[in-house]
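Data first, discussion second: the structure below is written as structure tokens.
The values are calculated or read from the model by the stated rules, or taken from the named source; none is laboratory data. Since the structure is predicted, the reported quantities are computational estimates derived from the model, not experimental observations. Don't worry about glycine lacking a Cβ; one is built from the backbone with ideal geometry, like all the others, and counts go over all protein chains shown.
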Amino acid sequence: MEQNEILQQVIETIRKDIVSDKKFLKSVLSEIKLTEQNIPSELILSLMNKLNVQNQPPRKPISNAPKDMKGSQVAKPISVGEGSIEAKIVSDLLDGNNVYLMGKAGTGKTYLAKAIAESVMGQPVFLINCSQWTSPIEIRGGQTIKGYEEGQLIKAWAEGGILILDELPKLDPNTAGLLNDALAETASQPKYDANGKVIEKTIPYIVNGRGDKIFKGQDAKNPDLKFRFCVIGTGNTDMMNIGNKYGGNQRQDYSLVDRFAGSFYTIEKDVVKEMELTYPYVFNVCNSMRNFLESKDALQSISLRTMLNFNRTFEQEMLYKMESTFADEIFNNGGERVAPKTIEDSVNSFLNMIEKNLRNDIENDPEFRESISERAKTEAEERFSVQFMKKYHLNPRTGDVLTEQQIAELDNK
């Protein structure tokens with residue numbers, strides 16, 4: 001491109017993009033008479049970088065990407081089989097029983113709770129991350145420096161939805177007592193027949209942090225408002241014992257434990273679910289590390305949360321390599337696009353948390369070495385496009401939605 005053409009494009013770029021007052025800009029340009037000699041080279045470089053970006057094929061904004069590409073643990077439809085734990089949990093919630101999910105860190109307790117709430121029961125989720133620092137304001141509401149704020153328990157109660165008490169055993173026992181009234185009333189909600197008519201009109205209330213009586217359905221005069229307040233608690237212990245592997249758990253008063261009696265479920269790692277939610281390469285890498293750590297009874301473990309973290313990183317790495325319309329766009333100060341984090345970065349970050357001797361043993365473990373081998377990575381890259389299309393029903397290069405025929409053809413790949 002000739003210098004004059006470059007200058008002309010620079011001027012046009014300034015006109016269109018940099019200054020909104022075009023009349024003022026026109027007079028300035030005519031006065032300074034931009035030439036190759038009087039325009040700073042830095043300005044030319046900067047604006048040409050801008051032009052280069054503008055001339056690239058348009059990319060879909062991140063907001064248009066599938067939600068579960070960016071979400072931490074987006075709940076997908078789950079299977080509710082005959083006699084399954086999922087079916088029993090749903091039955092409990094519909095009956096007004098409080099449910100408690102117990103299991104080791106990373107077995108997907110919170111993920112399961114969200115999936116049941118959103119994809120099975122179609123209810124909004126209200127979440128309290130429990131710890132010894134959880135305050136009554138987070139639960140029932142109260143005065144803050146921003147004024148009065150309603151607590152998550154009150155919101156779930158008034159609006160209808162599933163309250164998830166994540167890591168419930170970590171809650172201070174005295175603070176946990178604030179939950180007792182609501183947990184005792186979940187079975188006292190209005191019942192509806194097949195036509196949506198109220199069978200039972202007893203509408204209990206609880207008191208918020210301001211002392212107001214909060215009736216179910218927001219208004220005791222509107223008992224026909226359909227909703228369901230449900231509670232799912234999660235934790236690493238049975239709440240009656242502290243446990244010796246996970247810090248922060250406390251022994252809860254039995255009055256709280258009794259609110260969940262008969263609806264305790266032990267959640268184990270679900271390899272099938274993990275394989276459904278992750279790319280094969282990511283699963284193999286994570287599973288090899290987990291197998292080794294479990295064989296050594298190590299404190300560290302590979303959780304479903306960790307797998308999903310690795311999965312998002314791997315996905316973006318692959319999308320960047322194929323110049324996908326869904327790839328994140330990261331630029332340096334010079335306006336040049338840079339590569340995103342890789343799954344190798346994620347693995348190294350995880351291994352850095354482990355003591356040196358154990359880390360060296362993992363790195364020399366045959367199963368782990370095979371999972372991260374160049375052969376395994378090459379195969380993963382070759383299969384990624386098809387796996388992405390099966391997962392999202394989108395073309396990773398163009399962003400186009402696949403047709404029914406294209407989706408059907410994927411079954412043969």
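Laid out as a table, the results:
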| read-out | value |
| --- | --- |
| 3 or more residues β-branched (Val, Ile, Thr), surrounded by 19 or more Cβ atoms within 10 Å (Cβ to Cβ) and at pLDDT 85 or above: qualifying strands (runs of 3 or more DSSP E) within segment 192-241 | 229-235 |
| Failed criterion for LEU101 (all others in (1) under 28 Å from ASP297 (Cβ atoms); (2) at pLDDT 90 or above; (3) surrounded by fewer than 19 Cβ atoms within 10 Å (Cβ to Cβ); (4) not basic (Lys, Arg) hold) | (3) |
| Breaking point among (1) polar (S, T, N, Q); (2) surrounded by fewer than 20 Cβ atoms within 10 Å (Cβ to Cβ); (3) more than 30 Å from GLN300 (Cα to Cα), for ASN129 | (3) |
| Qualifying position, being surrounded by fewer than 17 Cβ atoms within 10 Å (Cβ to Cβ), of a type in the set (Asp, Glu), out of contact with any Phe, Trp or Tyr (no Cβ under 8 Å at 6 or more places or on another chain) and assigned by TED's automatic domain parsing to the domain that holds MET289, among GLU374, GLU367 | GLU374 |
| PRO169 surrounded by fewer than 19 Cβ atoms within 10 Å (Cβ to Cβ), in the same structural domain as THR237 (by TED's automatic domain parsing) and modelled with pLDDT of 90 or more | no |
